[in-house]
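To keep things clear, I will list the structure first and then write my remarks on it.
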Amino acid sequence: MADTAPLPAPVAPMLAAAGAPPAGPGWAFEFKWDGVRAVTAVAGDLVRAHSRRGNEVTRAYPELAELAELLDGRPALLDGEVVALDAAGRPDFGMLQHRMHVRAPARELVERIPVSYVVFDLLHLDGTPLLTEPYHRRRELLEALGLAGSRVRVPPGTAGVAGSRLLEVARAHGLEGVVGKRRSSRYEPGKRSPAWVKTALLQTQEVVVGGWTAGEGRRSRTLGALLLGAYDERGDLRYLGHVGTGFTESALRDLLDRLLPLEQRLSPFDEEVPRDEARRARWVRPALVGEVVYRVLTREGRIRHAAWRGLRADKDPGDARLYSEPS
(Lines give C-alpha, C1' and ligand atoms only; values in the text may rest on other atoms or scores of the structure.)
Protein backbone atom coordinates (compact mmCIF):
# COMPACT_ATOMS: atom_id res chain seq x y z
CA MET A 1 0.00 0.00 0.00
CA ALA A 2 1.46 3.36 -0.99
CA ASP A 3 2.36 5.80 1.74
CA THR A 4 3.98 8.63 -0.22
CA ALA A 5 0.95 10.93 -0.48
CA PRO A 6 0.93 13.71 2.14
CA LEU A 7 -1.64 13.60 4.90
CA PRO A 8 -4.38 16.18 4.45
CA ALA A 9 -4.07 18.95 7.02
CA PRO A 10 -6.57 18.68 9.89
CA VAL A 11 -9.31 21.26 10.39
CA ALA A 12 -11.41 22.22 13.39
CA PRO A 13 -14.75 20.42 13.18
CA MET A 14 -17.88 22.27 12.15
CA LEU A 15 -20.45 22.49 14.97
CA ALA A 16 -24.23 22.40 14.97
CA ALA A 17 -26.59 24.94 16.47
CA ALA A 18 -29.30 23.63 18.79
CA GLY A 19 -32.93 23.77 17.76
CA ALA A 20 -36.01 21.90 16.62
CA PRO A 21 -35.65 19.75 13.50
CA PRO A 22 -35.80 22.09 10.48
CA ALA A 23 -38.49 21.50 7.88
CA GLY A 24 -38.41 21.76 4.12
CA PRO A 25 -36.95 20.02 1.08
CA GLY A 26 -33.52 21.61 1.46
CA TRP A 27 -32.56 19.53 4.50
CA ALA A 28 -31.14 16.09 5.11
CA PHE A 29 -30.94 14.37 8.48
CA GLU A 30 -28.54 12.10 10.32
CA PHE A 31 -28.74 10.46 13.71
CA LYS A 32 -26.71 12.11 16.47
CA TRP A 33 -24.02 9.83 17.91
CA ASP A 34 -23.05 9.95 21.58
CA GLY A 35 -19.27 9.76 21.48
CA VAL A 36 -16.21 11.94 20.97
CA ARG A 37 -15.56 13.91 17.80
CA ALA A 38 -12.52 13.04 15.68
CA VAL A 39 -11.29 14.54 12.41
CA THR A 40 -9.08 11.88 10.84
CA ALA A 41 -6.53 12.21 8.05
CA VAL A 42 -5.52 9.15 6.03
CA ALA A 43 -2.88 8.69 3.32
CA GLY A 44 -1.35 5.36 2.38
CA ASP A 45 -0.57 3.52 5.61
CA LEU A 46 -0.72 6.69 7.69
CA VAL A 47 -3.67 7.57 9.89
CA ARG A 48 -3.78 10.61 12.15
CA ALA A 49 -6.78 11.66 14.24
CA HIS A 50 -7.41 14.92 16.08
CA SER A 51 -9.97 15.77 18.74
CA ARG A 52 -12.36 18.69 18.71
CA ARG A 53 -9.76 20.69 20.66
CA GLY A 54 -7.05 19.89 18.12
CA ASN A 55 -5.19 17.32 20.21
CA GLU A 56 -3.87 14.26 18.41
CA VAL A 57 -5.67 11.12 19.63
CA THR A 58 -4.44 8.55 17.10
CA ARG A 59 -2.79 6.25 19.64
CA ALA A 60 -5.87 6.30 21.85
CA TYR A 61 -7.96 4.62 19.16
CA PRO A 62 -5.93 2.01 17.28
CA GLU A 63 -9.15 0.83 15.63
CA LEU A 64 -8.85 3.82 13.29
CA ALA A 65 -5.96 2.07 11.52
CA GLU A 66 -8.61 0.14 9.59
CA LEU A 67 -9.25 3.29 7.56
CA ALA A 68 -5.94 2.86 5.68
CA GLU A 69 -7.02 -0.53 4.38
CA LEU A 70 -10.54 0.59 3.53
CA LEU A 71 -9.29 3.61 1.57
CA ASP A 72 -6.65 1.53 -0.23
CA GLY A 73 -4.03 4.26 -0.13
CA ARG A 74 -6.26 7.18 -1.16
CA PRO A 75 -5.59 10.38 0.84
CA ALA A 76 -8.68 11.61 2.63
CA LEU A 77 -9.81 13.76 5.55
CA LEU A 78 -12.86 12.45 7.41
CA ASP A 79 -15.12 13.86 10.09
CA GLY A 80 -16.88 11.54 12.47
CA GLU A 81 -17.54 10.31 15.98
CA VAL A 82 -15.69 7.69 17.99
CA VAL A 83 -18.28 5.60 19.82
CA ALA A 84 -18.47 2.50 21.98
CA LEU A 85 -21.46 0.38 21.05
CA ASP A 86 -23.47 -1.83 23.36
CA ALA A 87 -24.77 -5.28 22.47
CA ALA A 88 -27.73 -3.71 20.67
CA GLY A 89 -25.49 -1.49 18.54
CA ARG A 90 -26.34 1.70 20.42
CA PRO A 91 -23.68 4.19 21.58
CA ASP A 92 -22.85 3.77 25.26
CA PHE A 93 -20.96 6.75 26.64
CA GLY A 94 -20.37 4.99 29.93
CA MET A 95 -18.40 2.31 28.11
CA LEU A 96 -16.51 4.92 26.09
CA GLN A 97 -15.34 6.68 29.25
CA HIS A 98 -13.08 3.71 29.95
CA ARG A 99 -11.26 4.47 26.68
CA MET A 100 -11.43 8.20 26.10
CA HIS A 101 -8.92 9.17 28.81
CA VAL A 102 -6.38 6.45 27.98
CA ARG A 103 -3.68 7.74 25.65
CA ALA A 104 -2.31 4.35 24.63
CA PRO A 105 -4.71 1.54 25.66
CA ALA A 106 -3.43 -1.95 26.31
CA ARG A 107 -4.59 -4.74 24.03
CA GLU A 108 -6.77 -6.15 26.81
CA LEU A 109 -8.69 -2.86 27.09
CA VAL A 110 -9.10 -2.57 23.31
CA GLU A 111 -10.46 -6.10 23.13
CA ARG A 112 -12.75 -5.63 26.12
CA ILE A 113 -14.12 -2.24 25.04
CA PRO A 114 -13.63 -1.75 21.30
CA VAL A 115 -14.63 1.50 19.67
CA SER A 116 -16.06 2.24 16.25
CA TYR A 117 -15.63 5.25 14.01
CA VAL A 118 -18.89 6.62 12.65
CA VAL A 119 -17.99 8.75 9.60
CA PHE A 120 -20.46 11.42 8.52
CA ASP A 121 -18.47 13.85 6.36
CA LEU A 122 -15.67 13.91 3.81
CA LEU A 123 -13.49 17.04 3.79
CA HIS A 124 -10.64 16.12 1.43
CA LEU A 125 -10.15 13.37 -1.15
CA ASP A 126 -7.31 12.51 -3.54
CA GLY A 127 -5.59 15.87 -3.09
CA THR A 128 -8.77 17.92 -3.55
CA PRO A 129 -10.22 19.96 -0.65
CA LEU A 130 -14.00 19.59 -0.39
CA LEU A 131 -14.85 22.22 2.21
CA THR A 132 -16.59 24.45 -0.31
CA GLU A 133 -18.54 21.61 -1.91
CA PRO A 134 -22.21 21.39 -0.83
CA TYR A 135 -23.11 18.88 1.82
CA HIS A 136 -25.04 16.63 -0.56
CA ARG A 137 -22.00 16.33 -2.84
CA ARG A 138 -19.66 15.52 0.05
CA ARG A 139 -22.08 12.83 1.18
CA GLU A 140 -22.24 11.33 -2.31
CA LEU A 141 -18.46 11.09 -2.44
CA LEU A 142 -18.31 9.67 1.09
CA GLU A 143 -20.86 6.95 0.42
CA ALA A 144 -19.10 6.03 -2.84
CA LEU A 145 -15.96 5.17 -0.84
CA GLY A 146 -17.69 2.12 0.63
CA LEU A 147 -16.20 2.51 4.11
CA ALA A 148 -17.73 -0.58 5.69
CA GLY A 149 -15.35 -2.31 8.04
CA SER A 150 -15.42 -4.05 11.38
CA ARG A 151 -14.77 -0.77 13.21
CA VAL A 152 -15.69 1.84 10.60
CA ARG A 153 -19.15 2.66 9.33
CA VAL A 154 -20.95 5.37 7.38
CA PRO A 155 -24.53 5.74 8.59
CA PRO A 156 -26.97 6.83 5.92
CA GLY A 157 -28.03 10.43 5.52
CA THR A 158 -31.78 10.76 5.06
CA ALA A 159 -33.42 13.25 2.71
CA GLY A 160 -37.14 13.39 2.00
CA VAL A 161 -38.06 12.31 5.55
CA ALA A 162 -39.31 14.82 8.11
CA GLY A 163 -36.81 15.52 10.88
CA SER A 164 -39.55 15.20 13.48
CA ARG A 165 -40.25 11.68 12.21
CA LEU A 166 -36.60 10.72 12.37
CA LEU A 167 -36.41 12.12 15.90
CA GLU A 168 -39.12 9.69 16.97
CA VAL A 169 -37.12 6.86 15.38
CA ALA A 170 -34.10 8.02 17.40
CA ARG A 171 -36.18 8.05 20.56
CA ALA A 172 -37.50 4.55 19.92
CA HIS A 173 -33.99 3.17 19.42
CA GLY A 174 -32.37 4.93 22.38
CA LEU A 175 -30.23 7.25 20.26
CA GLU A 176 -29.11 10.73 21.26
CA GLY A 177 -31.11 12.72 18.72
CA VAL A 178 -30.84 13.95 15.14
CA VAL A 179 -28.86 16.55 13.18
CA GLY A 180 -30.41 18.41 10.27
CA LYS A 181 -27.96 19.59 7.59
CA ARG A 182 -28.75 22.01 4.82
CA ARG A 183 -28.04 20.14 1.60
CA SER A 184 -26.49 23.16 -0.09
CA SER A 185 -24.22 24.10 2.81
CA ARG A 186 -20.44 24.20 2.70
CA TYR A 187 -18.28 22.90 5.56
CA GLU A 188 -17.35 25.72 7.97
CA PRO A 189 -14.36 24.63 10.11
CA GLY A 190 -14.59 25.57 13.77
CA LYS A 191 -17.89 27.41 13.38
CA ARG A 192 -21.19 26.67 15.05
CA SER A 193 -23.38 27.16 12.02
CA PRO A 194 -27.16 27.36 11.56
CA ALA A 195 -26.62 25.22 8.45
CA TRP A 196 -26.41 22.30 10.89
CA VAL A 197 -29.15 21.98 13.52
CA LYS A 198 -28.95 19.42 16.32
CA THR A 199 -32.01 18.23 18.22
CA ALA A 200 -31.14 16.25 21.32
CA LEU A 201 -33.53 14.08 23.26
CA LEU A 202 -33.58 15.25 26.86
CA GLN A 203 -35.11 13.62 29.89
CA THR A 204 -36.10 15.04 33.28
CA GLN A 205 -35.15 13.75 36.72
CA GLU A 206 -35.98 14.91 40.23
CA VAL A 207 -32.87 14.75 42.39
CA VAL A 208 -31.64 15.11 45.94
CA VAL A 209 -28.53 17.20 46.51
CA GLY A 210 -25.98 15.14 48.44
CA GLY A 211 -22.93 17.36 48.13
CA TRP A 212 -21.20 20.10 46.22
CA THR A 213 -17.80 21.13 44.95
CA ALA A 214 -16.27 24.59 45.03
CA GLY A 215 -16.19 26.63 41.85
CA GLU A 216 -13.18 27.81 39.89
CA GLY A 217 -12.36 30.97 37.97
CA ARG A 218 -15.21 33.45 38.08
CA ARG A 219 -17.15 31.01 40.28
CA SER A 220 -14.33 30.55 42.80
CA ARG A 221 -16.37 32.15 45.58
CA THR A 222 -19.42 30.00 45.05
CA LEU A 223 -20.21 26.41 44.10
CA GLY A 224 -18.99 24.71 40.94
CA ALA A 225 -21.21 21.65 40.78
CA LEU A 226 -23.87 19.79 42.72
CA LEU A 227 -23.55 16.06 43.46
CA LEU A 228 -26.90 14.46 42.86
CA GLY A 229 -28.80 11.35 43.85
CA ALA A 230 -32.21 9.70 43.89
CA TYR A 231 -33.76 6.87 45.86
CA ASP A 232 -34.17 3.41 44.41
CA GLU A 233 -36.94 0.95 45.16
CA ARG A 234 -35.12 -0.25 48.29
CA GLY A 235 -34.86 3.26 49.68
CA ASP A 236 -31.11 3.57 49.05
CA LEU A 237 -29.78 6.91 47.89
CA ARG A 238 -28.03 6.23 44.58
CA TYR A 239 -25.42 8.53 43.12
CA LEU A 240 -26.46 9.92 39.73
CA GLY A 241 -23.55 12.22 38.91
CA HIS A 242 -23.05 15.97 39.01
CA VAL A 243 -24.43 19.08 37.37
CA GLY A 244 -22.47 22.29 36.84
CA THR A 245 -24.55 24.21 34.31
CA GLY A 246 -27.94 25.87 34.17
CA PHE A 247 -27.47 28.14 37.19
CA THR A 248 -28.12 31.85 37.36
CA GLU A 249 -25.91 33.97 39.63
CA SER A 250 -28.76 34.42 42.07
CA ALA A 251 -29.44 30.67 42.09
CA LEU A 252 -25.79 29.98 42.91
CA ARG A 253 -25.90 32.35 45.88
CA ASP A 254 -29.19 30.94 47.09
CA LEU A 255 -28.00 27.34 46.83
CA LEU A 256 -24.79 28.06 48.72
CA ASP A 257 -26.75 29.73 51.52
CA ARG A 258 -28.96 26.65 51.75
CA LEU A 259 -26.14 24.11 51.54
CA LEU A 260 -23.73 25.47 54.17
CA PRO A 261 -26.02 24.73 57.15
CA LEU A 262 -26.56 21.20 55.85
CA GLU A 263 -22.89 20.17 55.73
CA GLN A 264 -21.86 16.86 57.29
CA ARG A 265 -18.65 14.85 57.43
CA LEU A 266 -19.68 11.70 55.54
CA SER A 267 -21.26 11.07 52.17
CA PRO A 268 -25.04 10.59 52.32
CA PHE A 269 -25.02 8.23 49.33
CA ASP A 270 -25.54 4.51 49.86
CA GLU A 271 -22.95 3.64 47.23
CA GLU A 272 -19.39 4.71 46.53
CA VAL A 273 -18.94 8.01 44.70
CA PRO A 274 -16.13 7.98 42.08
CA ARG A 275 -12.86 9.05 43.67
CA ASP A 276 -12.23 12.00 41.35
CA GLU A 277 -15.53 13.54 42.40
CA ALA A 278 -15.50 12.47 46.05
CA ARG A 279 -12.07 13.92 46.85
CA ARG A 280 -13.27 17.49 46.29
CA ALA A 281 -16.76 17.03 47.68
CA ARG A 282 -18.35 18.80 50.60
CA TRP A 283 -21.13 16.51 51.78
CA VAL A 284 -24.55 17.69 52.92
CA ARG A 285 -27.61 16.20 54.52
CA PRO A 286 -29.93 15.16 51.64
CA ALA A 287 -32.67 17.69 52.29
CA LEU A 288 -32.79 19.77 49.10
CA VAL A 289 -34.76 18.53 46.11
CA GLY A 290 -34.23 19.87 42.61
CA GLU A 291 -34.82 19.00 38.98
CA VAL A 292 -32.40 18.47 36.11
CA VAL A 293 -32.72 17.75 32.44
CA TYR A 294 -30.27 15.31 30.95
CA ARG A 295 -29.59 13.77 27.59
CA VAL A 296 -28.18 10.32 28.30
CA LEU A 297 -28.23 7.77 31.12
CA THR A 298 -25.07 5.67 31.12
CA ARG A 299 -24.96 1.97 31.85
CA GLU A 300 -23.52 2.80 35.28
CA GLY A 301 -26.65 4.80 36.07
CA ARG A 302 -25.09 8.26 35.66
CA ILE A 303 -26.81 11.17 33.99
CA ARG A 304 -24.85 12.91 31.23
CA HIS A 305 -25.26 16.33 29.62
CA ALA A 306 -27.27 17.48 32.63
CA ALA A 307 -28.46 21.02 33.30
CA TRP A 308 -30.00 22.37 36.48
CA ARG A 309 -33.62 23.49 36.25
CA GLY A 310 -34.15 24.61 39.84
CA LEU A 311 -35.19 23.63 43.33
CA ARG A 312 -38.51 21.87 43.90
CA ALA A 313 -39.82 23.25 47.15
CA ASP A 314 -43.03 21.32 46.54
CA LYS A 315 -41.21 17.97 46.79
CA ASP A 316 -39.85 15.98 49.71
CA PRO A 317 -36.50 14.17 49.38
CA GLY A 318 -38.31 10.84 49.30
CA ASP A 319 -40.18 11.96 46.19
CA ALA A 320 -36.94 11.93 44.19
CA ARG A 321 -37.17 8.41 42.81
CA LEU A 322 -34.86 7.00 40.20
CA TYR A 323 -35.71 8.24 36.71
CA SER A 324 -39.05 9.73 37.64
CA GLU A 325 -41.22 11.48 35.11
CA PRO A 326 -41.87 15.21 35.58
CA SER A 327 -45.17 16.14 37.17
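The values are calculated or read from the model by the stated rules, or taken from the named source; none is laboratory data. All figures in this text were calculated on a predicted structure; none of them were measured in a lab. Cβ atoms come from the backbone with ideal geometry, glycine included; neighbour counts cover every protein chain shown.
Kindly establish whether VAL179 is buried (at least 18 other Cβ atoms within 10 Å of the Cβ), closer than 30 Å to GLY241 by Cβ and at pLDDT 95 or above.
yes
Is it true that ALA195 is modelled with pLDDT of 95 or more and either out of contact with any strand residue (DSSP E or B) (no Cβ under 9 Å at 6 or more places or on another chain) or surrounded by 14 or more Cβ atoms within 10 Å (Cβ to Cβ) (or both)?
Criteria met by ALA195.
Can you pull out the residues in the stretch 107-141 that are under 28 Å from LEU96 (Cα atoms), free of Cβ contacts under 8 Å to residues at least 40 places away in the same chain and not β-branched (Val, Ile, Thr)?
The answer is ARG107, GLU108, LEU109, GLU111, ARG112.
Just wondering, is there one or more residues in the stretch 162-177 that are farther than 21 Å from VAL118 by Cβ, under 19 Å from the mean Cα position of the chain (by Cα), of a type outside the set (Phe, Trp, Tyr) and in a loop (DSSP other than H, G, I, E, B)?
No.
Is there a residue being in contact with a His (Cβ under 9 Å, 6 or more places away or on another chain) and assigned to a strand (DSSP E or B) anywhere in the stretch 262-273?
Checking the stretch 262-273: not a single residue is in contact with a His (Cβ under 9 Å, 6 or more places away or on another chain) and assigned to a strand (DSSP E or B).
Would you mention how many residues in the stretch 23-48 are polar (S, T, N, Q) and free of Cβ contacts under 8 Å to residues at least 60 places away in the same chain?
Residues that pass the stated criteria total 0.
I'd like to know if the stretch 127-144 contains one or more residues that are closer than 24 Å to ALA60 by Cβ and loosely packed, with under 15 Cβ neighbours inside 10 Å.
Among the residues of the stretch 127-144, not one is closer than 24 Å to ALA60 by Cβ and loosely packed, with under 15 Cβ neighbours inside 10 Å, which makes the answer no.
Which residue is modelled with the highest pLDDT, if the candidates are limited to the stretch 198-236 and must be in a strand (DSSP E or B), closer than 24 Å to LEU266 by Cβ and among the hydroxyl-bearing types (Ser, Thr, Tyr)?
Filtering first and then ranking leaves TYR231.
What residue, among those in the stretch 90-108 that are modelled with pLDDT under 85 and in a loop (DSSP other than H, G, I, E, B), is farthest from SER51 (Cα to Cα)?
The residue in question is ASP92.
Looking at ASP79, ASP92, ASP72 in this structure, which one is under 14 Å from ALA41 (Cα atoms), acidic (Asp, Glu) and surrounded by 20 or more Cβ atoms within 10 Å (Cβ to Cβ)?
From the options ASP79, ASP92, ASP72, the qualifying one is ASP79.
Considering only residues that are over 26 Å from HIS173 (Cβ atoms), assigned to a strand (DSSP E or B), hydrophobic (A, V, I, L, M, F, W, C) and touching a Pro at 6+ places or on another chain (Cβ under 8 Å), which ones fall in the stretch 18-72?
Hits for the stretch 18-72 are VAL39, ALA41, VAL42, ALA43.
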